[in-house]
Each structure stands twice: as structure tokens, then as C-alpha cells.
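To start, the structure itself, in C-alpha cells.
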Amino acid sequence: MAGSTNLKSDAIMEQMKLHMSTDAGKQLKENIGLVYQINIAPKKIGFNEKSFVVDLKKGEVKDGPYEDGKPDATFSFKDDDFVKIATGKMNPQIAFMRGAMKIKGSISAAQKFTPDIFPKPSKM
């Protein structure tokens with residue numbers, strides 16, 4: 001794991017941590033109730049990945065791999081592709097078909113992973 005690597009995705013995950021405490025974040029917990037591990041690589045999937053856990057059972061986002069058993073689904077992305085998906089600029093299904101996203105675990109859980117779970121970036 002590359003702890004010193006600055007990823008564009010870090011800012012999205014920080015927003016996500018704040019988003020979990022809002023009413024919209026609490027709604028995600030009720031509607032989805034799944035745990036996702038997200039591995040983000042600076043350049044190539046599988047190399048120097050940084051892991052995050054988006055726990056929509058407890059309503060929290062943490063750095064590092066999931067340690068309470070297995071997550072419902074694990075995703076691997078390149079940093080740029082994750083940003084595109086989280087901001088709604090790339091469809092997750094198309095990303096998967098193009099090989100820009102890899103999935104392990106439950107496919108039905110993975111299908112609930114949509115750009116809607118991420119907070120919308122504020123307009124400047």
C-alpha cells in the first residue's frame with residue numbers, strides 16, 4: 001500500500017466521510033446496508049493500491065482494508081477512473097466492461113454501487 005501517494009480520490013473519500021453524517025448519508029445506510037472495499041491505484045490496477053472501506057451498514061468511511069470479515073463487494077480502480085465514476089462522468093457498467101473497474105464478491109451488491117452513493121460536488 002502506498003501511504004504517501006496523493007490520489008484525486010482522497011478528496012472524494014473525505015467528502016464521503018462527511019456525507020455519511022447527513023440525512024442523505026443516513027438514507028444510504030437504510031437503503032443499501034452493504035459494505036464495500038474500494039482499492040484505488042495511482043496508475044495501474046493491482047499496483048500501489050490504497051484501500052478504503054465504505055461501510056453502509058454502520059454509516060462510515062475508513063482508510064485501509066476491511067477487517068470485519070469479508071466486504072459484500074470489492075472494487076479496484078485507477079484513480080482517474082474512480083473520480084469519473086464517483087462524479088457521474090462514467091457509467092459503472094461501462095467501466096466494468098472496459099476493464100476500468102474490477103469487482104470481487106457479490107454481483108447483486110456491486111450493482112447497488114452507483115454514483116448516487118457519492119455526495120454531489122458543490123458548484124462553484
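The values are calculated or read from the model by the stated rules, or taken from the named source; none is laboratory data. Not measured: the values here are computed from a predicted model. All Cβ positions, glycine included, derive from the backbone under ideal geometry; neighbour counts span all protein chains shown. Ligands, DNA and RNA are excluded from the accessible area calculation, which covers all protein heavy atoms including side chains. Shrake-Rupley method; radii C 1.70, N 1.55, O 1.52, S 1.80 Å.
Each part gets one Cα centre, and for the range 8-44 versus the range 76-124 those centres are 11 Å apart. With all protein chains kept in place, the per residue accessible area of the chain amounts to 58 square angstrom at a probe of 1.4 angstrom.
Residues of the range 32-49 with an amide N closer than 15 Å to a point placed 7 Å from the Cα of residue 70 along the Cα-to-Cβ direction: 35-37.
Rounded to the nearest 20, the size of the Cβ-charge dipole of the chain about its Cα centre is 360 debye, with Lys and Arg at +1 and Asp and Glu at -1. Each other residue within a Cβ distance under 13 Å of residue 20 adds +1 if Lys or Arg and -1 if Asp or Glu, for a net charge of +1. Is the C-alpha gyration tensor of the range 45-124 telling us rounded, prolate or oblate? Criteria: a/c under 1.5 is rounded; beyond that, a/b larger than b/c is prolate, otherwise oblate. Rounded.
For the range 1-58, the share of alpha carbon pairs falling in successive 10 Å distance bins from zero is 23, 46, 26, 6 percent. Counting only protein heavy atoms and a probe of 1.4 Å, the accessible surface of the range 1-119 is 50% carbon and sulfur.
Within the shell of other residues whose beta carbon sits under 12 angstrom from the beta carbon of residue 72, the net charge comes to +2, with Lys and Arg scored +1 and Asp and Glu -1. Note on the chain: with a GNM built from Cα contacts shorter than 10 Å, the maximum mean-square fluctuation among 99, 88, 69 falls on 69.
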